[in-house]
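**Q** This is the structure I have questions about; it appears just below.
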Amino acid sequence: MFASAATAPSSAAGFNAEFAKAVADGLTLKRQKTLPPSWLYDEVGSALFEVITVLPEYGVTRAEAALLDRAAGEIIRASGRPAHIVELGSGTGTKTRHILKAAAHHHTVQYAPIDISAAALANCVHALGDVMNLSIEPIAATYLEGIDTAVAARKPGESILLLFLGSTIGNFTRTEAASFLRQLSKRMQPGDYLLLGADLVKSRARLISAYDDPIGVTAAFNLNLLARINRELEGHFDMSLFTHEARYNERYSRIEMHLRSRVDQQVSIEALDLTVPFRKDETIWTESSHKFRAEELPCVGRRSGWACVRQWVDGEWGFAETLFRKSK
Ligand code: AVJ
């Protein structure tokens, strides 16, 4: 009676109409059931993702952090010492710290992390609160809405450096990525820059172990999506009846994460008034993670209103940081 509200896990969150709609839409598709990857990141999923970033098999985050550590000064100089830094997604700030410190070395810099998760923004503000000469203005919104807000705060003559790090771009198909970059370009002014972090194509074996690690953290990260449906939408998924699967699709050079049903089964989701049938071996496709060739990235930008200024590549893991200037 008394302590229940205080002790209930905050992940036993309330009803989210957008999540409900995404689940109802994705699990009633006739051919391939799918769920968008953004829903992997509730409180539990975000904590599991943090663990993924330190796994020896997942080199993405380490490679990017090392690149940004090494190149931060050059990036800031090459982007004309921007007065504003706007980041799509707030992460924990560990990678961004290098850039912010380099940018705020000579003058005060405004930093606007954009994230739909208020909890993620709070973590970010806390993590970066100690960087000198930095004014942090978090924006709780979708990426494009957030950019509109951030752009409105700029004064004449001040330029913006947009950060889109971590290979989040990889969640888009190549067509979607190009149109998203075009949307970004449209919102920017001449003299603005974009720094894009993208994971590169590497051997199938390395990719598979990065997305199907031996201690099962990525499996837990993926299965948590079903647990989230149970928590938030009164679902009845039995996690032991699904297995995590990471496939490499050579044709599109992307990892595809799935949850595979071990048996024929019916799963009810009470809050949606829905019963979902699964055949044995049928899957829910939960994420795509596209891998790029370093030379491909300047071309993608060029077709979407961004001219490549410079690229930094980590050859050990295979990760690229590409700096673009708004073209037209
Ligand atoms: C955060 C989308 C870049 O695709 O590598 C990590 C997410 N999924 N392991 C990625 C993820 C499984 C990650 N991104």
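**Q** So, in the range 131-147, how many residues would count as being part of a loop (DSSP other than H, G, I, E, B), more than 16 Å from the chain's Cα centre (by Cα) and over 11 Å from LEU100 (Cα atoms)?
**A** 2
**Q** Follow-up question, since we're still on this one. May I ask you to list the residues in the range 43-65 that are more than 14 Å from the ligand (Cβ to nearest atom) and surrounded by 18 or more Cβ atoms within 10 Å (Cβ to Cβ)?
**A** Result: VAL44, single match.
**Q** Which residue, of ARG260, ARG251, is free of Cβ contacts under 8 Å to residues at least 12 places away in the same chain and either closer than 21 Å to ARG31 by Cα or part of a strand (DSSP E or B) (or both)?
**A** ARG251
Residues checked against (1) under 28 Å from ALA320 (Cβ atoms); (2) crowded, with 19+ Cβ neighbours inside 10 Å; (3) more than 16 Å from the ligand (Cβ to nearest atom):
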site: ARG231; (1), (2), (3): no, no, yes
site: ASP238; (1), (2), (3): no, no, yes
site: ALA246; (1), (2), (3): yes, yes, no
site: GLU256; (1), (2), (3): yes, no, no
site: ARG262; (1), (2), (3): no, no, yes
site: SER268; (1), (2), (3): no, no, yes
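**Q** A follow-up question, please. If a residue must be at pLDDT 95 or above and either part of a loop (DSSP other than H, G, I, E, B) or surrounded by 18 or more Cβ atoms within 10 Å (Cβ to Cβ) (or both), how many such residues does the range 6-25 contain?
**A** The qualifying residues number 2.
**Q** Among (1) within 16 Å of the ligand (Cβ to nearest atom); (2) farther than 30 Å from GLU250 by Cα, where does ALA150 come up short?
**A** (1)
**Q** Counting only residues that are β-branched (Val, Ile, Thr), touching a strand residue (DSSP E or B) at 6+ places or on another chain (Cβ under 9 Å) and closer than 13 Å to LEU226 by Cα, how many does the range 19-75 have?
**A** 2
**Q** Can you find even one residue in the range 109-118 that is buried (at least 19 other Cβ atoms within 10 Å of the Cβ) and touching a His at 6+ places or on another chain (Cβ under 6 Å)?
**A** Looking through the range 109-118, at least one residue is buried (at least 19 other Cβ atoms within 10 Å of the Cβ) and touching a His at 6+ places or on another chain (Cβ under 6 Å).
**Q** Name the residues in the range 217-229 that are more than 13 Å from the ligand (Cβ to nearest atom) and either in a strand (DSSP E or B) or crowded, with 19+ Cβ neighbours inside 10 Å (or both), would you?
**A** Matches in the range 217-229: LEU226, ARG228, ILE229.
**Q** Out of ALA210, ALA198, which single residue is of a type in the set (A, V, I, L, M) and outside any strand (DSSP E or B)?
**A** Just a single option satisfies the conditions, and that option is ALA210.
**Q** Further question: For the range 160-186, what are the residues that are part of a helix (DSSP H, G or I), more than 10 Å from the ligand (Cβ to nearest atom) and touching a His at 6+ places or on another chain (Cβ under 9 Å)?
**A** Matches in the range 160-186: ARG174, ALA177.
The values are calculated or read from the model by the stated rules, or taken from the named source; none is laboratory data. All values derive from a computational prediction rather than experimental measurement. Glycine also receives a Cβ, built like all others from the backbone with ideal geometry; neighbour counts cover every protein chain displayed.
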